[in-house]
1. How far is helix 43-53 tilted, in degrees, relative to the longest principal axis of the Cα atoms in the chain, given as a value from 0 to 90 rounded to the nearest 10?
2. With a cut-off of 8 Å between alpha carbons and a minimum separation of six or more residues, what is the relative contact order of the chain in percent?
3. List the residues whose amide H sits under 5 Å from the amide H of F90, counting only those 5 or more places along or on another chain, with H placed 1.01 Å from N in the peptide plane.
4. When the accessible area of the chain is split by element with a 1.4 Å probe, what percent falls to carbon and sulfur?
5. Straight-line reach from K18: which lysines have Cα under 20 Å away, leaving out those fewer than 8 places along the same chain?
6. Taking 0.36 nm per residue of sequence separation and subtracting the Cα-Cα distance, how much length would be gained by fully extending the chain between S23 and Y62, in nm to one decimal?
7. Is the range 29-70 rounded, prolate or oblate when judged by the Cα gyration tensor, a ≥ b ≥ c being the square roots of its eigenvalues, rounded requiring a/c under 1.5 and prolate requiring a/b larger than b/c?
8. First measure r as the distance between the Cβ atoms of T74 and A16, then evaluate 1/(1 + (r/R0)^6) with R0 = 22 Å and state the FRET efficiency to the nearest 0.05.
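The values are calculated or read from the model by the stated rules, or taken from the named source; none is laboratory data. All values derive from a computational prediction rather than experimental measurement. All Cβ positions, glycine included, derive from the backbone under ideal geometry; neighbour counts span all protein chains shown. For accessibility, only protein heavy atoms count, side chains too; no ligands or nucleic acids. Shrake-Rupley method; radii C 1.70, N 1.55, O 1.52, S 1.80 Å.
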Amino acid sequence: MNIISVIVTTYNWPSALKLCLESLYAQRDKNFEIIIADDGSNPANLSLNKAYCANSPVPLQYAYHEDSGFRAGTIRNKAVAMSKGDYLLFIDGDCVLLPDFIAT
């Protein structure tokens, strides 16, 4: 069975990431992993982001680098290096997914 890696790019918007993660946690098909690609969220937001990750029903990893301007491509590449999936899905941290997104 193929594994899917969902790479979620985020930056300083924990309330949106929370909704995105909740939609991933509600997926019918649980054969995937989540990798958060954080492009330098400030310490307060980083703490909130990591708290939202604590209850993941699927494997979850967190890639982070310090804020040095817009470097979303760099952090996504770090997330890809951490991934274990046969397929990579890239979404932004403000996306809310339907429950059959992974299955489809």
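1. 10
2. Working: 203 pairs, mean separation 48.5, N = 104.
RCO, the chain: 47 percent.
3. Sorted by chain and number, the residues that satisfy this are I7.
4. Numbers: 3150 of 5530 Å².
Percent of accessible area from carbon and sulfur atoms in the chain: 57.
5. Qualifying lysines at Cα under 20 Å: K30, K50.
6. On the way: separation 39, 0.36 × 39 = 14.04 nm, distance 1.76 nm.
So the chain would gain 12.3 nm between S23 and Y62.
7. Values: a/c = 4.03, a/b = 1.84, b/c = 2.19.
Judged from the Cα gyration tensor, the range 29-70 comes out oblate (a/c at least 1.5, b/c at or above a/b).
8. Working: r = 21 Å, r/R0 = 0.95.
Computed FRET efficiency for T74 and A16 comes out at 0.55.
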